[in-house]
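Written below as structure tokens is the structure these notes are about.
The values are calculated or read from the model by the stated rules, or taken from the named source; none is laboratory data. Remember, predicted model here, so these are calculated numbers, not experimental data. When we count neighbours, we look across all protein chains shown, and the Cβ atoms used for this are built from the backbone with ideal geometry, even at glycine. These accessible areas exclude ligands, DNA and RNA; they are computed on the full protein's heavy atoms, side chains included. Shrake-Rupley method; radii C 1.70, N 1.55, O 1.52, S 1.80 Å.
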Amino acid sequence: QQYIHADHPSLPTALKELGYRTIAMHPYGADGWDRDEVYDRFSFDETLFIDDFTHREYIREYVSDRSVYRQLIDEYEQKQSDERLFCFAVTMQNHGGYEIAYDNFTPTVQILDADCDEACAVDTCDFTLTENYLSLVRESDKALAELVDYFARADERTVILFFGDHQPHDQAVAGLMAQNKYGLSESEMAQNRLIVPFVIWANYDIEAHDDLAVSANFLSSLLLEIADLPQTTYSYFLSGLHQEIPVMTATFYMDASGRRIRYEDAGPGHQARFAEYEMLQYNHLFDLPNRLNAIFEPLFQAN
């Protein structure tokens, strides 16, 4: 909404030059967060919003994850046999809030033995919102399992990157946080609230990791690396930066040893790397007349 009002080199831009057809999917209104404009500026070949979906199973008032994946599978099955496909799908099923009861959604997760002590405020002892949220996540798990099962049987090499954009709002986790401090300080708990799970899966052998620390700004270069696809100069820069500084958040970053560091406490070496990153970001987003487009384009073309 704030910055994307001109064409910008992006992951779909790079993949198009490598021979991919690129699709963006979101089962909601086209104008939310100006997605209709932004997706066009990112060079997606096609965008699908709620009116374009042929699969529209609803959970509460939102289209289910299962419907999104079925739509994605339709796009895959309709493509040409020699066509490469990249699909970026943003789901809606688990969007807040979690306090309203719906006829088409019955929670299946129950929190047992959640007794509050006398010091626990009443509003943090109501686990209804938490149970609703976890029940929605359970449905997401089932839908993701179906998607993985489908592509596990597909003939074409396929990579799936699945991640969340943020944790649920405070009300959905207040009860659990009130009872389970895990020996952490308030600042440590706040930092942990910035962590979301992700998985990269492929229907062929890739190197396995179960403790990889990465922030969202590095996911695109990590995906290209795992898929063994040519990267841009910018992607290679991000890959190198990830080795030194695997996680960046709004309030702290993590170094290669796993230490969480406030930006104001960064040493000279890290400060220099952040300065390089800022210059590249500025050139990419704002310095459009002087943008060095070659930095953001693939180094090799598709075979």
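Between rounded, prolate and oblate, where does region 132-267 land on the alpha carbon gyration tensor, with a ≥ b ≥ c its root eigenvalues, rounded for a/c under 1.5, else prolate if a/b exceeds b/c? Kindly include the intermediate steps, with their values, before the conclusion.
Values: a/c = 2.72, a/b = 1.16, b/c = 2.34.
Because a/c hits 1.5 or more and a/b fails to exceed b/c, region 132-267 counts as oblate.
What residue among 230, 289, 246 has the largest mean-square fluctuation in a Gaussian network model of the chain, using Cα springs under 10 Å?
289
Run lengths n ≥ 4 of DSSP H only: what is the helix-derived mean residue ellipticity at 222 nm for the chain, with -39500 (n - 2.57) per run over all residues, to the nearest 500? Display every interim value, and only then the final one.
Values: 9 runs with 108 residues, N = 303.
Counting only the DSSP helices, I get -11000 deg cm²/dmol.
Relative to the present Cα-Cα distance, how much length would full extension add between residue 112 and residue 51 at 0.36 nm per residue of separation? Walk me through the numbers before you get to the answer.
On the way: separation 61, 0.36 × 61 = 21.96 nm, distance 4.07 nm.
Here the answer is 17.9 nm.
For region 210-299, report the % of Cα-Cα distances exceeding 15 Å. Please report the intermediate quantities before stating the final value.
Numbers: 2489 of 4005 pairs.
When every Cα pair of region 210-299 is considered, 62 percent fall beyond 15 Å.
For residue 90 paired with residue 249, estimate the spin-label separation in nm (one decimal), with each label point 7 Å from Cα along the Cα-to-Cβ line.
Here the answer is 2.2 nm between the modelled labels.
Which of 260, 153, 35 ends up with the largest GNM mean-square fluctuation for the chain, with Cα atoms connected below 10 Å?
153
Hey, any idea what % of region 1-142's accessible area is carbon plus sulfur with a 1.4 Å probe?
Details: 3570 of 7820 Å².
Using a 1.4 Å probe with all protein chains present, region 1-142 comes out at 46 percent carbon and sulfur.
Of the options 257, 176, 238, report the single residue whose Cα projects farthest towards the positive end of the charge dipole of region 134-278 (beta-carbon charges: Lys, Arg +1; Asp, Glu -1).
Positive-end residue among those listed: 176.
Counting only protein heavy atoms and using a 1.4 Å probe, what share of the accessible area of region 205-303 belongs to carbon plus sulfur, as a whole percent?
On the way: 3130 of 5890 Å².
Solvent-exposed carbon and sulfur of region 205-303 make up 53 percent of the total.
How much length is gained if the chain between residue 293 and residue 227 is pulled fully straight, taking 0.36 nm per residue apart and subtracting their Cα-Cα distance, in nm to one decimal?
Here the answer is 21.4 nm.
Return P(r) of the chain (all Cα-Cα pairs; 20 Å bins starting at 0; whole %; ordered from short to long distances).
Distribution as computed: 26, 58, 15, 0 percent.
Please give the per residue accessible area of the chain, computed with a probe of 1.4 Å over protein heavy atoms only, in Å².
Result: 58 Å² per residue.
So what's the net charge close to residue 73: Lys and Arg +1, Asp and Glu -1, counting the other residues with Cβ under 13 Å from its Cβ?
Working: positive: 66, 70, 79, 153; negative: 65, 74, 75, 77, 146, 149, 156.
Summing Lys/Arg as +1 and Asp/Glu as -1 gives -3.
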